[in-house]
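Have a look at the structure below, then the notes.
All of the numbers you see were taken from the coordinates with simple rules; none came from a lab. What you are looking at is a predicted structure, and each value in this text was computed from that prediction instead of being measured. Don't worry about glycine lacking a Cβ; one is built from the backbone with ideal geometry, like all the others, and counts go over all protein chains shown.
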Amino acid sequence: MITHKNISLFFIFLLLLLFLLNFYIAINIWWFVAIILVWLGINAFGSSRISSNYHVKAFCNNPFEKEKKIAITFDDGPSVFTLEVLELLKKYNAKATFFCIGKNIETHPEIVKQIIAEGHLVGNHSYSHSKFFDFYNAKKITEELQKTDSLLEKFTSKKINFFRPPYGVTTPSIRRALQLTGHKVIGWNIRSLDGGTKNQNLIFNRIIKRVSPGGIVLLHDTGSHSVLVLEQFLQFLQQNNYEVISVEELLNLKAYED
Ligand SMILES: [Zn+2]
């Protein structure tokens, strides 16, 4: 399997081999540089792709699902837009999963309460969602996860099991933190990119092209454009006989533990 550990071992072996070979035949320094660059490139790719399972195992879809069932997830809330999202989900009888940022839970506790009361799930999306989160050490990441868990657990009364790393980036420190906290990492296989563009049609067309049974969609409950796309998307799913179910049901994993 292509994991951080296996790749590192392979490249260390390769460099050692080249180093030893160097005693017999002169090896150009650029070979060493090239190997290290390829190694760094693989690391960057593996860290930025949540579905690569490079640092941690992430659940990004259910490839065995044959029925028209799909899960929708919302990141970075709760925010005032979450209320509009909840209204739409109710209208279309859809159940979603909200990956909440700890500091936003402190600002909008009543919205988290409503999310849960309306039958949706919540998961951990770090406390700060800092730009520098991927450079934090395992201790700091663990603290953020625990802080957000305890904020959510006030509403669930059960242990939070799902975590989605900010930006979908994973690192060796995140892996170590997760070994302590025991969260399951939930990724996605249908990314809307609604965080990068506000162009409603672009986002909508991007999502529907990728829709298939067992998929997990990533949206954000932080902007009016995402709410507009959601309505269009829920209509599309209804017309195409898709059922929107929770991540828990889609993956057969528990969102909370006693
Ligand atoms: Zn996020």
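Figure the gain on full extension for Val38 and Glu249 (residue separation times 0.36 nm, minus the Cα-Cα span) and round it to one decimal in nm.
Gain on stretching Val38 to Glu249: 72.0 nm.
Got a sec? How would Phe11, Phe236, Phe74 order by Cβ neighbour count within 10 Å, fewest to most?
So the residues, fewest neighbours to most, are Phe236, Phe11, Phe74.
Could you list the chymotrypsin sites (Phe, Trp or Tyr not before Pro) in segment 94-178 that lie in coil according to DSSP, counting only those with at most 14 other Cβ atoms within 10 Å of their Cβ?
Answer by residue number: Phe132.
How many Å³ per residue does the convex hull of the Cα positions in the chain occupy?
Looking at the chain, the number lands at 142 Å³ per residue.
Please list the non-local residues whose amide H lies under 5 Å from the amide H of Lys69, H modeled 1.01 Å from N, same-chain partners needing a gap of 5 or more.
Amide H neighbours of Lys69, under 5 Å, 5+ apart: Gly214, Glu243.
For the chain, with a Gaussian network of springs between Cα atoms less than 10 Å apart, report the residue from Gln239, Gln200, Gln179 with the top mean-square fluctuation.
Gln239
For Phe23 and Phe45, what does the FRET efficiency come to when R0 = 30 Å and r is the distance between their Cβ atoms, rounded to the nearest 0.05?
Efficiency, rounded to the nearest 0.05: 0.35.
Rank the residues Asp149, Asp134, Asp221, Asp258 as a footprinting-exposure proxy: fewest other Cβ atoms within 10 Å of their Cβ go first.
With the fewest neighbours first, Asp149, Asp134, Asp221, Asp258 line up as Asp258, Asp134, Asp149, Asp221.
Using a Förster distance of 25 Å, how high is the FRET efficiency between Asn240 and Lys198, based on the Cβ-Cβ distance and rounded to 0.05?
0.50
Work out which GluC sites (Glu not before Pro) in the chain are exposed loop sites (DSSP not H, G, I, E or B, at most 16 other Cβ within 10 Å) and give the longest gap free of them.
The segment 119-258 is the longest one with no such site.
Could you please rank Val217, Val33, Val247, placing first whichever residue has the fewest other Cβ atoms within 10 Å of its Cβ?
Fewest-to-most Cβ neighbours within 10 Å comes out as Val33, Val217, Val247.
Which residues make up the longest stretch of the chain that has no trypsin sites (Lys or Arg not before Pro) in a DSSP loop with at most 10 other Cβ atoms within 10 Å?
Longest site-free region, per DSSP loop and neighbour criteria: 132-258.
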